[in-house]
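All remarks here apply to the structure that follows.
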Amino acid sequence: MVRLLRINYKELGLKCGLEIHQMLNTRTKLFCNCPTVVRHDDPDLEFVRRLRPTRSEMGEMDPAALFEFKKGVKYRYQAYEDSICLVEMDEEPPHDLNREAVRIALTIALMLGSTLVDEIQVMRKIVIDGSNTTGFQRTALIAIGGKIKVGDKYIPIQTICVEEDASRKISELRDRREIVYRLDRMGIPLIEIATAPVIETPEEAEKVAYRIGQLLRVTGKVKRGLGTIRQDLNISIKNGARIEIKGVQELGLIGKIVEYEALRQANLLKIRDELKSRGVKPEDIKEELIDISDIFSNTKSKIAKKALERGGVALAIKLPGFRGLIGKEIQPGRRLGTEFADRARYWAEVGGIFHSDELPAYGISLEEVKLIEERLSCNKLDGYVIVFEKKEKAVRALRAVIERAKEAIIGVPEETRGANSDGTTKFLRPMPGKARMYPETDIRPLTITRELIEEARKSIPELPEEKYKKFKIKYKLSDEMAKRMVESYYLDLFEKVVEELNVPATLVASTLENTLVSLRREGYPVERLDDEQIYGVFRLIAKGEISKEALPEILAYLSKNPDIKPEDVIKRLGLSRLSLEEIRKIVDEVIRSNINEIRSRGNRALSMVMGRVMEKVRGRADGKLVSEIVKERLKNVLSL
Amino acid sequence: MVKLAEGLEGYDKEVIRLLENRGIKLFDKVRIRHRQGIAFEGIILPRPQVGDPRSLILKLDNGYNVGIKVENIEKIEVIEKSEPSPLVRVRQPKLKPGLPYVHFVGTGGTIASRIDYKTGAVYPFFTAEEIYSMLPELEDIAFVRAETLLNIFSEDMRLRLWEKIAKKVAEIFEKEKPVGVIVAHGTDTMGYTAAALGFALRRLPGPVILVGAQRSSDRPSSDSALNVIAATITAIKAPFAESVVVMHGSKSDNYCLVHRGVKVRKTHTSRRDAFRSINDLPLAIVNSKGSFKILNNRFLRRSEEGSIVEAKFDEKVALIKYFPGMEGEIIDFLVDKGYHGIVIEGTGLGHVGHQLLKSIKRALGEGIAVVMTSQCIWGRVNMNVYRRGIELLRMGVIPGEDMLPETAYVKLSWVLAKTRDIKEVRRLMLTNMVFEINERSENRFYPSLVNGEAIEN
């Protein structure tokens, strides 16, 4: 691959827009009174449905949806009796729009300086991939406009919506044509913030995503943790196409995805130019599918052999002028041939394809390659693609390849792509037609009253930079810790503990940011601790019931026994703080049993005694206090 | 069902003035400058009946509908005049020759309505092309013809319309000779209509099948597709020729149940499997792959001897539910208003409080038929067990056996349209006409439920 080391994005004409989806931390879901929890225990019940492209959709239907339906795909939904109701199951009409979610979204819109609409109408956005039991996602636009500042640049906000999250895909049972979804996530309120496509570099994309995430976090009203925020990216370059990349969960991947997508489009344009200079036109690619099974009657290729034995065929097409280009790398590890294969897999569910630029290989011999080229009458610039499959599937696969090859002659095809874990992307589905949306007639429109706006305005939080200043000056955190705390997963908890309990802010910060991290490294499942438990531990400190030295042990124990109350852990671990009397007794005992050694060491005995005492009182007494007592007692003993 | 609005009538005067002064019409594309400086572009939509009439509804380019208050509109200008929406393409069905012929009759309800994607309004639409287009699978199953007889909400169904439907069905069977007739009906009163057709059409060459949807047909998740396919299969394969209801049998799209019209009740407000056979087994089960299996061997067979049509119903019949605070005056009122029959949904085995006895006696004395059913829904009335029942029987109250209160009401309306002779009324009410009375109450008629699942008992 010609990998430009320093890509000039300005020259490429990179334009990128972000669509951020963040889960709101409301008490109930957007359209029913179920709790907003994602669960990992076994579901209680299942049911199976089909979704059908509706009649009025027929005119200009999403080809992917129609295709899915024709394949006879069924959706198996899993649910829990105690956290999912008939609304998520599409067995009861939605309840009123959750006011708490609207209020949070309004607060965020006000923070961004957006213009609120006066009446919200919930819409149905048709999505027939089964991720919604209804076949549509309910969504409402609440504001347009506004901006955020990133560096010196203002990034305009286009729209702010509240919508219901979709269900989680659990598995895909291809042989049964069944996709399994779990309904726990469905209906959790999301805020969707879309920026204008003005982002010009990968770094900028990452910064914008980061800034929006940060602004959402400081509201204290959004969910935290993996999977609670997802980004969609719209990326195009000059003469390229608008590509939508769905569901990026990792912030750190955004830059790479933007870079690789710009690269992909640039490389596809180079391929186009090369095809042009070779004089290749779309109509040169003929739909002539040639059965070349006989060439492989004695093949050593296992794939070919297996397919033919099972009654399949070897079907080939010629791609005039494509030689050398099918194998051209367009993203790390991905070639034009990979794009052909993606399409063949999607439309024909074949395992893979073979193309001229990678053969001979995979057991296909040079002699066989020669025979193929002869049969297809390829000249030295012509490429070809072969599929080993049942006839009907093979035909569909090659038709998909032909379509993609024709697009390569024109440029970059518009499509929806999904991110791989290395930042490259793969074909997901054709770009849906203009989103078909129509009103959700089961829900009354909601008027945004002045009272509602005032209420939302009251919840506007301090900005991250204001918090940082406060943490440094008022809470006396170090510069580095103040920065970390603003970004912390435990930001809300930190502020709550510091404001409500008499515990030094520095101790709270180091516990949340250092102690918990090292415990996690040691293998304690600290992610199982909820805010309430950690708060309870700090309350014990505030009341003087435990010493700060006991914190790591208590937190470690709680993480493994999350059902126990912090108060009870003290008893179990024997970590109640020792009285002065008790400490003295322990110190005296240590001195008595080591008296000879102490006498021989004299003044250097301090650290030895201190160490043995601390072993016994660990976590139950403050080290400074112990040291004072040891010094005092030793002085007595040594002066005798 | 919202009618496609002709104009701007849902809006406040001030909004209408704003638009009319500038010659702006519904569905014009406009640009609005908001008081806060930003511009909104979109198509002007009719005002839904709910919400703030001072908010102008726009459909934005991204598909969202939003409302902008008239006082926030600083400037409004047309950027594109409206065009009539393009005709919806309807695909011509490709039919195999020799398919059995099934006739559809539309009466309204969720199943026979469509949404206009431009405006969001719902309007009736029920043609054979529509049905094929919605359900291409039918092209391999049946030759379909369809007509719209009524277009009403289910709750607006009246007794005269039962007669109209019954006569239409009989006429179709006689003239067109389909293997079955399918009536698309709103689900709320479907059980009543099914019972009415059961009594009105007692001998038929094929079944009359009521079908509906609990989720409207314009949704991808609608239950109507499976219901209509199962109804069509029933029309073709059923050995019986009764009035039946075909609806989902579970919350999955896996099978439908065929319920006898006089023994079926809507037992849930919103679930797909809302319909249940009460005091009877469903007649058949139809699965999503098209298999049809009989579950109940008591039924009226298809007959070539010519239909029996008795489609008159007496509108002067009331169905009332007994409750602890009830006074006799409610019955007195019905008597004073000249009612011919009263069906009471009594307590338990068929009782009412003593405070009603005087009024019931008066009603019976004036030749009004009084039929007792039970608000327990499941089970049979038996008025010989307790003194109150015996008193009521002695006065002349007719026990409704194991009939559903709604079925007893439909039957009494039907009987009273034939005769007002109280002896004859009693005889007919106690005679099983179309399996509305089961002589035997079988254990399996009543579901035992634990955790939502039936368990063996």
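The values are calculated or read from the model by the stated rules, or taken from the named source; none is laboratory data. For clarity, every value in this text was computed on a predicted model and none was experimentally measured. FYI the Cβ positions are ideal-geometry reconstructions off the backbone, even for glycines, and counts take in every protein chain you see.
Return the residues of the stretch B:173-220 that are surrounded by 24 or more Cβ atoms within 10 Å (Cβ to Cβ) and free of Cβ contacts under 8 Å to residues at least 24 places away in the same chain; say none if nothing qualifies.
Matches in the stretch B:173-220: B:PRO220 only.
Six or more apart or on different chains, Cβ atoms under 8 Å: show the pairs whose first residue is in the stretch A:590-616 and at positive phi and whose second is of a type outside the set (S, T, N, Q) and in a helix (DSSP H, G or I).
Filtered contacts from the stretch A:590-616: A:GLY602/A:LEU638.
Find the residue count for the stretch B:40-87, including only residues that are within 9 Å of chain A (Cβ to nearest Cβ), over 36 Å from the mean Cα position of the chain (by Cα) and not in a helix (DSSP H, G or I).
7
crowded, with 22+ Cβ neighbours inside 10 Å, under 30 Å from A:GLY72 (Cβ atoms), β-branched (Val, Ile, Thr) and out of contact with any Cys (no Cβ under 7 Å at 6 or more places or on another chain), is that true of A:VAL395?
no
Would you check if A:ARG345 is charged (D, E, K, R) and at pLDDT 95 or above?
Numbers: charged (D, E, K, R): yes; at pLDDT 95 or above: no.
So A:ARG345 fails the test.
Hey, does the stretch A:322-339 have a residue that's hydrophobic (A, V, I, L, M, F, W, C), in a helix (DSSP H, G or I) and under 26 Å from A:ARG272 (Cβ atoms)?
Residues of the stretch A:322-339 that are hydrophobic (A, V, I, L, M, F, W, C), as a first pass: A:322, A:325-326, A:330, A:336.
Add one more test, that the residue is in a helix (DSSP H, G or I), and what stays is A:336.
With the extra rule that they be under 26 Å from A:ARG272 (Cβ atoms), the set shrinks to A:336.
Checked against the condition, which is being hydrophobic (A, V, I, L, M, F, W, C), in a helix (DSSP H, G or I) and under 26 Å from A:ARG272 (Cβ atoms), the stretch A:322-339 yields at least one hit.
So that you can scan it fast, the table gives a plain yes or no per residue for (1) touching a residue at least 40 places away in the same chain (Cβ under 8 Å); (2) within 13 Å of chain B (Cβ to nearest Cβ); (3) in contact with a helix residue (DSSP H, G or I) (Cβ under 7 Å, 6 or more places away or on another chain):
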site	(1), (2), (3)
A:VAL127	no, yes, no
A:ALA140	yes, yes, no
A:ILE157	yes, yes, no
A:ILE160	yes, yes, yes
A:ASP165	yes, no, no
A:ARG168	yes, no, no
A:ARG182	yes, no, no
A:GLU192	yes, yes, no
A:VAL208	yes, no, no
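Report, by residue number, each residue of the stretch A:498-526 that is free of Cβ contacts under 8 Å to residues at least 12 places away in the same chain and either among the acidic types (Asp, Glu) or at positive phi (or both).
Hits for the stretch A:498-526 are A:GLU499, A:GLU500, A:GLY523.
If the requirement is being of a type in the set (Val, Ile, Thr) and either out of contact with any Lys or Arg (no Cβ under 8 Å at 6 or more places or on another chain) or surrounded by fewer than 20 Cβ atoms within 10 Å (Cβ to Cβ) (or both), which of these qualifies: A:ILE212, A:ILE199, A:ILE285?
Every option except A:ILE212 fails the conditions.
What number of residues within the stretch A:75-116 satisfy the criterion of being farther than 19 Å from A:ASP184 by Cα and either surrounded by fewer than 17 Cβ atoms within 10 Å (Cβ to Cβ) or not hydroxyl-bearing (Ser, Thr, Tyr) (or both)?
15
Pick out the one residue from A:THR447, A:THR441, A:THR416 that is under 34 Å from the mean Cα position of the chain (by Cα) and away from chain B (no Cβ under 14 Å). Steps first, please.
Details: A:THR447 fails: away from chain B (no Cβ under 14 Å); A:THR441 fails: away from chain B (no Cβ under 14 Å).
None of the other options fit; the residue is A:THR416.
Which one is farthest from the other protein chains (Cβ to nearest Cβ), of the residues in the stretch B:215-236 that are farther than 27 Å from A:ASN132 by Cα and among the polar types (S, T, N, Q)?
Per the stated criteria, the residue is B:THR234.
Of the residues that sit in the stretch A:111-125 and are in a loop (DSSP other than H, G, I, E, B) and facing chain B (nearest Cβ under 7 Å), which one is farthest from B:HIS34 (Cα to Cα)?
For the stretch A:111-125, the residue satisfying everything is A:GLN121.
From the list B:LEU412, B:LEU428, B:LEU356, which one is aliphatic (A, V, I, L, M) and without any contact (Cβ under 8 Å) to a residue 24 or more places away in the chain? Steps first, answer last, please.
Details: B:LEU412 fails: without any contact (Cβ under 8 Å) to a residue 24 or more places away in the chain; B:LEU356 fails: without any contact (Cβ under 8 Å) to a residue 24 or more places away in the chain.
It is B:LEU428.
Of the residues B:GLY353, B:GLY346, which single one is touching a strand residue (DSSP E or B) at 6+ places or on another chain (Cβ under 9 Å) and surrounded by fewer than 18 Cβ atoms within 10 Å (Cβ to Cβ)?
Working: B:GLY346 fails: surrounded by fewer than 18 Cβ atoms within 10 Å (Cβ to Cβ).
Answer to the selection: B:GLY353.
Can you name the residue in the stretch A:357-368 that is touching a helix residue (DSSP H, G or I) at 6+ places or on another chain (Cβ under 8 Å) and assigned to a helix (DSSP H, G or I) and is also surrounded by the fewest Cβ atoms within 10 Å (Cβ to Cβ) among such residues? Please lay out each step first, then the result.
Taking the stretch A:357-368 first, the residues touching a helix residue (DSSP H, G or I) at 6+ places or on another chain (Cβ under 8 Å) are A:357-360, A:362-364, A:368.
Filter again for assigned to a helix (DSSP H, G or I), leaving A:357-358, A:368.
Working: A:ASP357: 17, A:GLU358: 14, A:GLU368: 22.
Checking each candidate, the answer is A:GLU358.
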